[in-house]
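The values are calculated or read from the model by the stated rules, or taken from the named source; none is laboratory data. Predicted, not measured: the structure shown is a model, and the values here were computed from it. For neighbour counting, all protein chains shown are included, and Cβ atoms are generated from backbone atoms with ideal geometry for every residue, glycine included. SASA here: full protein model, heavy atoms, side chains in, ligands and nucleic acids out. Shrake-Rupley method; radii C 1.70, N 1.55, O 1.52, S 1.80 Å.
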Amino acid sequence: MNPASLIHALDLFGIAVFAVSGALSAGRKSMDVFGVIVVAVVTATGGGTIRDVLLDRHPVFWIGDPTYLVVILVAAIATVIFTRFQRPPRVSLLVADAFGLGLFSIVGARIALEAGAPILIAVLMGAITGSAGGLLRDILCAEIPLILRRHIYAVASLIGATVYVLLEEVGLALTISAPVGAATVFLLRLAAMKWNLQVPSFILDDEDP
Amino acid sequence: MNPASLIHALDLFGIAVFAVSGALSAGRKSMDVFGVIVVAVVTATGGGTIRDVLLDRHPVFWIGDPTYLVVILVAAIATVIFTRFQRPPRVSLLVADAFGLGLFSIVGARIALEAGAPILIAVLMGAITGSAGGLLRDILCAEIPLILRRHIYAVASLIGATVYVLLEEVGLALTISAPVGAATVFLLRLAAMKWNLQVPSFILDDEDP
Amino acid sequence: MNPASLIHALDLFGIAVFAVSGALSAGRKSMDVFGVIVVAVVTATGGGTIRDVLLDRHPVFWIGDPTYLVVILVAAIATVIFTRFQRPPRVSLLVADAFGLGLFSIVGARIALEAGAPILIAVLMGAITGSAGGLLRDILCAEIPLILRRHIYAVASLIGATVYVLLEEVGLALTISAPVGAATVFLLRLAAMKWNLQVPSFILDDEDP
């Protein structure tokens, strides 16, 4: 398997994981099967779509390559069928999600750098690519987005993307900078879950204006 | 009336119906008149706008032709005035909405095909054009979008768009494929309302992660 | 200070004010510090981003000039620190917000006119630039957007943008039309707060369909 195929395969794996996470959220809200598919599609494609629209990259990634949609459909339907028989394997899913977050954060930052974006923007595009899908998922489910309230999620994405962009800037090869950045996100996220690390809260006890 | 004018007239009719549906939702949330207009605009233009931005079609349809906005404003204000005197004619509105859904689903799929999108993408663009406005409407009203929970709504749009795209693919003329596709959406939607058809729910009785 | 620098400075001031408003809203929802930053970024950049994407202006304003993001980060973090020691200065913030609304409404309308948009569209782009950030802020906080329910907010933006566009159309210099338009928004907003002016509500006492 050459590197390009490997990255494409990893990318599709990340998309599938995000689709499963969307389908599970929709199930907790008792949506119908179609709603499950919509939430799965939005969760899996949301981050990359916002990135592509903001950077004016056309065709948007899933419009140019329908494989993504096929993978999402299969993942969503498989989730519905699987959970009729068994509880979702929580820990494996969280680990897979951390992997997807790491991968997408670096892919997003990389694409922004290639489009000539300044490094601060590239870091932000990494975080958007990794986290915006989950944010849209929670908006569709009419909840205050989880990533805004709990644990180190998008923060892990931001830190890993920063590590990657800085390694690129100092001239390291992509084959080093990208895996190191992705591993940073992945390990931070696992550590945050294991030891229940949280970013400090900002609690403003103020009346509504 | 030539075919192009007919389609434009139908299109404006569909826009007006969606604007009314947005205005009624806003009224149920006791928004002010301005909020009513915002929700009407978003409901009526949302699907087509997302389609145009995703496909990189500029100007976005309502930016290129302000008639749409004028129609929406008139429809929203007429709704506010009308409902001071009379209850909204529920059944007529649902039928008109089903008609708009059918029309927009096919228009959206057609535009995507013309832009060279693969058929799976064209079907999705049809569904987005038909249903995304209603989805945004429900988000603005801070509700779990109705189309994700109840009845055959976006599903009708997806099925009709699929019928249309397949008829196009086998080489039928647009004057046949488009009306057949639109009628499929329309009739499915009417049948779903009459017999209260629903897509099976996916209920996941699981704790929040 | 030449006019261009003055406008850029005012623009950054408006961005900072909107970032503070986003950070305060996030604090009322007890988000973590990262969530605060996300909401601040979305509130401050949302309106201009939607405007740029709809008008196909690339790079989007904050992608082309990272100063905006830096200002937002500083404003959000300063808000978190400041409110540990003191209550936010409510009145000053509302006045600053009215100023930002006035400025952004005119900037948005101006940019749309320069892009060749019809005047109705230019007015709408002014209102979007001024108010969409606040709307997205409330969606992220899972509330029915405030601007849809209370007081003269986006309405002030619409009226001021209309005044500006009409003065442009009759041929007045930008140095007159723009300040008059911005002042219209600003004063309307202050008057609305002082005398608690409201747009009439549209209350539809109807069952959910």
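Once you keep just the Cα pairs under 8 angstrom separated by 6 or more residues, what percentage relative contact order results for region A:22-108?
Working: 45 pairs, mean separation 24.6, N = 87.
Value for region A:22-108: 28 percent.
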Computed accessible area, A:Glu114, all protein chains, 1.4 angstrom probe, square angstrom:
120 Å²
Can you tell which of B:Phe85, B:Phe18, B:Phe34 shows the greatest fluctuation in a Gaussian network model of chain B with Cα springs below 10 Å?
B:Phe85
How far apart, in nm, are two points set 7 Å out from the Cα along the Cα-to-Cβ line at C:Leu187 and at A:Ala183?
6.5 nm
Of all the accessible heavy-atom surface of region C:3-194, with the other protein chains kept in place and a 1.4 Å probe, what percent is carbon and sulfur?
72 percent
Using the Cα gyration tensor of the protein assembly as shown, with a ≥ b ≥ c the square roots of its eigenvalues, what is the shape: rounded (a/c below 1.5), prolate (a/b larger than b/c) or oblate (neither)?
rounded
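Ignoring ligands, DNA and RNA, how do C:Val163, B:Val60 rank by accessible area with a 1.4 Å probe, largest first?
Working: C:Val163 45, B:Val60 0 Å².
So the residues, ranked largest to smallest area, are C:Val163, B:Val60.
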For n ≥ 4 DSSP H runs only, could you compute -39500 (n - 2.57) per run for chain C, divide by its residues and tell me the 222 nm figure to the nearest 500?
-25500 deg cm²/dmol
Distance in nm between B:Leu93 and C:Asn196 label points, each 7 Å along Cα→Cβ, equals 3.1 nm
Where the protein assembly as shown is the region considered: accessible area per residue in Å², 1.4 Å probe:
41 Å²
How far is B:Thr67 from the same spot in each other copy, in nm, shortest first, if each label point sits 7 Å from Cα toward Cβ?
4.4, 4.4
Greater than 31 Å separation of Cα atoms is the criterion. Which listed pairs, A:Lys29/C:Lys194; A:Lys194/B:Lys29; C:Lys29/C:Lys194, meet it?
A:Lys29/C:Lys194; A:Lys194/B:Lys29
Report, in whole Å, the centroid distance computed from the Cα atoms of region C:154-203 and region A:27-48.
41 Å
Chain pair A, C: total accessible area buried, heavy atoms, 1.4 Å probe, Å²
3000 Å²
Which one, C:Val41, C:Val74, C:Val185, has the greatest fluctuation when you compute a Gaussian network model over chain C with C-alpha springs under 10 angstrom?
C:Val74
How high is the relative contact order of chain A? Use alpha-carbon pairs under 8 Å, at least six apart in sequence, and give a whole percent.
22 percent
Ignoring ligands and nucleic acids, what accessible area does B:Thr129 show with a 1.4 Å probe (Å², nearest 10)?
10 Å²
